[in-house]
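Notes to accompany the following structure.
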């Protein structure tokens, strides 16, 4: 208003204030018609009057935070609406404002590994500061991958309708997907085997050995599965000194980068696929990995070991306080 009084154009005022020129014109018109009070606040009677008191919203928030109702595992919108005598839409709005989602839940598990901190620092150090003249591989197997064949072809997506598939299927066998993610390049080396004993795992280690240039050391990150610690596996590793093994803490699959690849191939290719044979399943996996590697990007880990340990300590404190 002061700029306008000094002869500044509406367009220039709008640019200075970061609003539209029409908004500037509306403010000036309100000032001319009703004075300064109309500009500094809404006119009386404007907008729909509030129907829900703050106390009701507070009670709803408190109820959700204190825990589920009797004989239920979580609050529903309908249950909250009936309890406090308001509409379901109003309950939705209150929960959204306070970022509460009682219908959702997540899982967690505390690792009981006595060497958790040391192993965590070791693995995170490889991700964030990999050694020179070496490759870092995240290794694991996806066992029991089933070749499921749906009893009818999938119905394609339609406006207003999702894609649909039959709930029943035929089991045509299983395969185990061995995979190694190169964290520096993001590429995956894979091999499918009918079983997942230490014999097949050693064969996969040999495949890694053949595909990695001999001049490079190989740092392998893997979990504590029995085949990874089998005497025969240890003997093979002892005869190949360029291989360095780093075990993740127990119950810490989230720390193994290859799990993200397994999640992606499951959701994008396997879960909604229909495979009349194991051979067709393996071919689908091989084609997916080939396309995945063609567009691979380096794996980037952003959380430091200290940040993770601080968060775990906080979780332990919360868990201890509630139990």
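Data table
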quantity	calculated
Enumerated helices (runs of 4 or more DSSP H) restricted to the range 50-143, each holding at least 3 residues that are in contact (Cβ under 8 Å) with a residue 60 or more places away in the chain	116-128
Test result for residue 146, surrounded by 14 or more Cβ atoms within 10 Å (Cβ to Cβ), more than 30 Å from residue 240 (Cα to Cα) and in contact with a strand residue (DSSP E or B) (Cβ under 7 Å, 6 or more places away or on another chain)	yes
Boolean, residue 223 is surrounded by fewer than 18 Cβ atoms within 10 Å (Cβ to Cβ) and touching a strand residue (DSSP E or B) at 6+ places or on another chain (Cβ under 9 Å)	no
All positions within the range 238-258 that are in contact (Cβ under 8 Å) with a residue 24 or more places away in the chain and surrounded by fewer than 18 Cβ atoms within 10 Å (Cβ to Cβ)	240, 242, 244, 245, 246, 250, 251, 253
Any hit, the range 211-219, residues being in contact with a helix residue (DSSP H, G or I) (Cβ under 9 Å, 6 or more places away or on another chain), modelled with pLDDT of 95 or more, under 19 Å from residue 265 (Cβ atoms) and not in a helix (DSSP H, G or I)	no
Some residue of the range 305-316 being surrounded by fewer than 15 Cβ atoms within 10 Å (Cβ to Cβ), in a loop (DSSP other than H, G, I, E, B) and assigned by TED's automatic domain parsing to the domain that holds residue 178	no
Qualifying residue in the range 146-165 (condition: without any contact (Cβ under 8 Å) to a residue 12 or more places away in the chain and part of a helix (DSSP H, G or I))	no
Per-region count, the range 150-187, residues surrounded by 15 or more Cβ atoms within 10 Å (Cβ to Cβ) and modelled with pLDDT under 95	3
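The values are calculated or read from the model by the stated rules, or taken from the named source; none is laboratory data. What you see is a predicted model; the values in this text were computed from it and never measured. Here the Cβ is made from the backbone with ideal geometry for all residues, glycine too, and neighbour counts use every protein chain on show.
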